[in-house]
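Before any comments, here is the structure.
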Amino acid sequence: MNHFCMRSFLGGVVALLLLLNADASHAQLFEVKPDVVAKIEKAVPKELMAKPKKPRKVLVFSKTSGFRHGSIPVGAKSIVMLGEKTGAFEAVHSEDDSMFEPESLKQFDAVIMLNTTGKLFLPKPMPKDPTEKAKAFEREKRLKKSLVDFVSGGKGLAGTHSATDTYKDWKEYNDMMGGAFDGHPWHEPVPIRLLGTSHPLNKVFKGEGFTITDEIYQFRADTAKPSDRRLLLTLDPGFKKLNKGKRKDGNYPISWIDKYGEGRIFYCSLGHRDEIYYNPMILEHYLAGFQYAIGDLEADATPLEPSKSEVDITGKWDVSVEMQQGGNEVVWEFKKTDAGLSGVSISNGESRELTNLSLKGKELQFDITVDYEGMSLTIEVAAEFESDQAEGSLNVYNDAGDEIANGTLSAVKSK
């Protein structure tokens, strides 16, 4: 054998050994004891809520950039077995964020965020070299867009427990997943209330609330609102320790579904403890939720509470912006089109299109992209409208995703 062939042969052997070692380390890292596997197998539902419309494949993703839950191995094993034993889906478990590259992601019907935390698409630690750091932010931006396009284009997103402790400063992710973690005041037996006993995802509970022991989340006040998504389970409002929470609205949801673009969302905050993943009732609730997110189970996602009456913001608004760097005056103009609401921001005679524009009730959000001294800046705006006036805030980010400025704004409708 010549030297070239020998080197090729040895290179192939080394690559194979590295691959085998990687597989082995993955298996060891997520090893689950046989007695726990037996408990999962016993807990898996015997029947599906809905027959799959076609063979389904889901990505179970459990990478963490913050706190790492010890229940991840059991959770991963449980979801994989849930798909295998029922035939609902094939589950691929990974912590490789390159799975979110568009070409890789398109093979899946849904993504299940299993106890993920932090900023998943950035390396840890971040590179110190400015060029490499910029590349990391650019890659993160690409993977973020890939996930948003995946879901809004008609696929599914589901999450367990700390999926809401993931990218808490990424608005689109918070809107998709539905909540942003804001503490866990309870880790004890808690009473759970059903919101809709006949709802397909709640049928397993047979019309009765229940008590369960787990770490219970509360969510940031601007998220997990009953007017924005279909809540399924909440802490019972009669719970004597409810006052340990800090939500002014007293809203402590556990589980919900939602629509995002053409896609579907399911989230359940239960999942801190191992035994959650072999609790028969919760597994059946999970399975129904996953089948909803995949698109096989039809379920009503209409919020139980009507949104605040939506204001008519069409027309021109005179806007005053106050920032540390000084003030500015602009004009916003909104129009209704066949595709929905559109808008522009006019400053010094120059118009810029408003992107990611969303009006829910009285709450308006949008982005503006501007070029400034060779940099591409994104201005994220959030405002609350009344009939003829509005108050809000804005944050300015550079093309690396760093916040470089913020301020407040007030607006009055032009006469």
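Observations on the model:
- Length gained when the stretch Ala221-Asp312 is fully extended (0.36 nm per residue, less Cα-Cα span): 30.3 nm
- 5 angstrom amide H check on Tyr252, placed H, neighbours 5+ away: Leu235
- Region 366-409: projected area of the alpha-carbon convex hull, averaged over directions, in nm²: 3.3
- Remark: the chain carries a charge dipole of roughly 1300 debye about the Cα centre, counting +1 on each Lys and Arg Cβ and -1 on each Asp and Glu Cβ.
- Gyration tensor verdict on the chain (Cα atoms; rounded if a/c is under 1.5, prolate if a/b is larger than b/c, oblate otherwise): oblate
- Compactness of region 144-265 - radius of gyration and Dmax, Cα, Å: 14.6, 44
- Gyration tensor (alpha-carbon) shape descriptor, region 64-211, a/c threshold 1.5: prolate
- For Glu215, distant residues with modelled amide H under 5 Å away: Gly271, His272, Arg273
- Carbon + sulfur, % of accessible area of region 230-289 - ligands and nucleic acids excluded, 1.4 Å: 46
- Fraction of accessible area attributable to carbon and sulfur, region 103-165 (%, probe 1.4 Å): 56
- Net charge, Tyr278 excluded, C-beta distance under 9 Å - Lys, Arg +1, Asp, Glu -1: -1
- Bins of 5 Å, starting at 0 and running to the largest distance - Cα pair percent for region 301-408: 2, 10, 20, 26, 19, 12, 7, 3, 1, 0
- Rolling a 1.4 Å probe over the protein heavy atoms of region 330-409, with every protein chain left in place, gives an accessible area that is 42 percent carbon and sulfur.
- Expressed to the nearest 5 percent, the antiparallel share of DSSP beta bridges inside the chain is 80 percent.
- Interchain or long-range residues, amide H under 5 Å from Ala221's placed H: none
- Extents of region 176-223, largest first, come to 31, 28, 13 Å (Cα atoms, principal axes, whole angstrom).
- Helix-only CD estimate at 222 nm, as mean residue ellipticity for the chain, using -39500 (n - 2.57) per DSSP H run (n ≥ 4): -8000 deg cm²/dmol
- Loop trypsin sites (Lys or Arg not before Pro), region 153-232, which have at most 10 other Cβ atoms in a 10 Å radius of their Cβ (DSSP): Lys206
- Summarised in one figure, the compactness ratio Rg/Rh of region 70-112, Cα atoms and Kirkwood Rh, is 1.00.
- Solvent exposure of the chain, expressed per residue, is 50 Å² of accessible area, with all protein chains present and a 1.4 angstrom probe.
- Highest-fluctuation residue, Ser227, Ser320, Ser71 considered, GNM on the chain with Cα pairs under 10 Å: Ser320
The values are calculated or read from the model by the stated rules, or taken from the named source; none is laboratory data. Being a predicted model, the structure only gives us computed values, none of them experimental. All Cβ positions, glycine included, derive from the backbone under ideal geometry; neighbour counts span all protein chains shown. Keep in mind that these areas ignore ligands, DNA and RNA; they rest on the heavy atoms of the full protein, side chains included. Shrake-Rupley method; radii C 1.70, N 1.55, O 1.52, S 1.80 Å.
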